Amino acid sequence: MQTQKPILSQTQKLKLAPQMIQSIQLLHLPLADLKLKIQEEVEKNPALEILEERGTISLDTAQEPPEVYEYFENTSDPGFSYARGSDDEDAKRRFLEGAVARGESLHEHLLWQLRLHPGLTAEEIRLGELLIQNLDDHGFHREDPFIFAQNERERHLIEKLIPLIQSFDPPGTCVKDSVESLLVQARQREDAPPHTEEVISRYLPLLEKGKTKEIAKALGMEEEDVLSVVEFIKTLTPFPGSLYSSSRPHYVIPDLEVKVKDGHLVIVLNEEEIPVLGVNPFFREMQKESDKKDVQRFVKQQVREAQMFIQSIHHRNHTLLRVARAIVEFQRDFFIRGPQYLVPLTLKDVAETVELHEATVSRITTNKYVQTEWGIYELKYFFTNSVSGAGSGGSRYSKEAVKHIIKEIIEEETKKTGRPLSDKKLAELLNKRGIPIARRTVAKYRKELNIRSSFERNTWRRLHEN
């Protein structure tokens, strides 16, 4: 006869709810916010204290975890073992040394200058913000900037604001394309040689082919003067937004590290950033020894809240490790061989493997980062759509893997032939590798990689060769 689990009373459910809510909230917190939350709880609850421990799990030598808390049903996982050893002493240094810096974005930098610019009205700032938000990562208009004008007055204001934004750092943004950006930059420079604007606006195709003599003849100039214009153009930036770098970095510290050790993949939890917590022994003694009811009530409440918080942190870390273990098993080739071996993976795939809800997997992988042999990646990176392939065994390729292959082909073939490959040629090469993909899809992926078109790459290659 099958034994049924006892049904929780309404009172028991109400008591459980706050702890479950707290646990769900901690799952979603990024590492920096979790640190603040832990510090907040330690300061608020005198029964809570920080302990120093380290944790490592191996995918290939897995045992049952030392602690599984009853109230988290169906969360036990026999695929983990915790180990301690001298090899973990440098873990905190590796995490800190590998921290990713995210610079201030182009939009943030331009908005900051707009809001600090003296003499602008509230209406001008509003329109200026719309113009800046309309720029792509290169600093070019996504849509016609005048679509934001509701009347003739606003159109005149936009005509006034565009050259103002073009003068901000980096110069040459808020333009239609790279040619207009070069023209704007040249106009702002007092050292621009004669005829620079004319060469940029009319003769870039000839300049691409190295026909400086023809340009000199058309403009009635000496070829030496045209070469001076070429040297000046080399100092300009055709894509000012993409080359902008920040002087104010924000650091993202990885939650996990995946490394190859003695032929095995090992996951290391960042114990430096997520301390292990414990209950202050003094409060345990007070709970036993005090004969005052109000003191006992206070101590009992603080100890219970400390235990609940510790269990929620443990559950978060354990869930993070479970989900990371599943991701690493699915993406084993990526962690051993590199990004081009990333395979298609969905939240559902991982959720079914670890027997958790998809929403829980989504929460625990959002804003969580892992350090690998190939760089630092958000856990969300490993969930990627597939691109059907015609290779051996009908293999499938992830979108990110295809993008990485495109990047590799561009780098390798440019070195071999000296000539940038067109999107059509890239599509043909991918088809030969068993990845049927349309030219327009190649163009889309290339843009996502911030790689210029073959025409633009060829133009600037020739400029720098002259």
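The values are calculated or read from the model by the stated rules, or taken from the named source; none is laboratory data. None of the values given here were measured: they were computed from a predicted structure. Here the Cβ positions follow ideal geometry from the backbone for every residue, glycine too, while neighbour counts run over all protein chains shown. Calculation scope for accessible area: heavy atoms of the full protein, side chains included, ligands and nucleic acids excluded. Shrake-Rupley method; radii C 1.70, N 1.55, O 1.52, S 1.80 Å.
When every residue of region 433-453 is checked against the conditions, at least one turns out to be within 30 Å of Asp225 (Cα to Cα), open to solvent by 50 Å² or more (accessible area, probe 1.4 Å) and modelled with pLDDT under 75. Filtering region 223-237 to residues that are open to solvent by 40 Å² or more (accessible area, probe 1.4 Å), in contact (Cβ under 8 Å) with a residue 40 or more places away in the chain and closer than 16 Å to Glu198 by Cβ leaves only Leu227.
Is it true that some residue in region 313-330 is under 24 Å from Ile405 (Cα atoms) and either open to solvent by less than 50 Å² (accessible area, probe 1.4 Å) or of a type in the set (Gly, Ala, Ser) (or both)? So far as region 313-330 goes, yes, one or more of its residues are under 24 Å from Ile405 (Cα atoms) and either open to solvent by less than 50 Å² (accessible area, probe 1.4 Å) or of a type in the set (Gly, Ala, Ser) (or both).
Quick check on my filter: what residues within region 129-154 are in a helix (DSSP H, G or I) and open to solvent by 90 Å² or more (accessible area, probe 1.4 Å)? Scanning region 129-154 gives Gln133, Ile147, Glu152, Arg153. Considering each residue of region 118-130 in turn, none proves to be at pLDDT 90 or above and closer than 30 Å to Ile253 by Cβ.
If you go through region 355-366 and keep only what is of a type outside the set (Gly, Ala, Ser) and either under 21 Å from Pro30 (Cα atoms) or crowded, with 19+ Cβ neighbours inside 10 Å (or both), you end up with Leu356, His357, Glu358, Thr360, Val361, Arg363, Ile364, Thr365, Thr366. The residues of region 195-212 that are open to solvent by 30 Å² or more (accessible area, probe 1.4 Å) and over 13 Å from Leu227 (Cβ atoms), listed by number, are Glu197, Glu198, Ser201, Arg202, Pro205, Leu206, Lys209.
Would you confirm whether or not region 413-420 contains a residue that is modelled with pLDDT of 75 or more and surrounded by fewer than 19 Cβ atoms within 10 Å (Cβ to Cβ)? The answer is no, given that none of the residues of region 413-420 is modelled with pLDDT of 75 or more and surrounded by fewer than 19 Cβ atoms within 10 Å (Cβ to Cβ). Looking across Tyr369, Tyr341, one residue alone is open to solvent by 10 Å² or more (accessible area, probe 1.4 Å) and closer than 20 Å to Lys35 by Cα. It is Tyr369.
Beta carbons closer than 7 Å, at least 6 apart along the sequence or on distinct chains, pair a first residue in region 297-312 that is closer than 14 Å to Lys44 by Cα and in contact (Cβ under 8 Å) with a residue 40 or more places away in the chain with a second that is open to solvent by 30 Å² or more (accessible area, probe 1.4 Å) and outside any helix (DSSP H, G or I) for Gln302/Pro46. For region 325-372, residues that are β-branched (Val, Ile, Thr) and part of a helix (DSSP H, G or I) total 10.
If you go through region 383-402 one residue at a time, do you hit one that is modelled with pLDDT of 80 or more, under 28 Å from the mean Cα position of the chain (by Cα) and not in a helix (DSSP H, G or I)? Yes, there is a match, as at least one residue in region 383-402 is modelled with pLDDT of 80 or more, under 28 Å from the mean Cα position of the chain (by Cα) and not in a helix (DSSP H, G or I). For region 165-183, taking the residues that are in contact (Cβ under 8 Å) with a residue 12 or more places away in the chain and open to solvent by 30 Å² or more (accessible area, probe 1.4 Å), the one that is nearest to Glu208 (Cα to Cα) is identified as Val179.
List the number of the failed condition for Phe168; all other conditions in (1) under 21 Å from Gly139 (Cα atoms); (2) in a helix (DSSP H, G or I); (3) of a type outside the set (Asp, Glu) hold. Result: Phe168 passes all but (2). Please verify whether region 257-270 includes one or more residues that are open to solvent by less than 20 Å² (accessible area, probe 1.4 Å) and not hydrophobic (A, V, I, L, M, F, W, C). Checked against the condition, which is being open to solvent by less than 20 Å² (accessible area, probe 1.4 Å) and not hydrophobic (A, V, I, L, M, F, W, C), region 257-270 yields at least one hit.
Against the criterion of being at pLDDT 85 or above and not β-branched (Val, Ile, Thr), Leu207 does not qualify.
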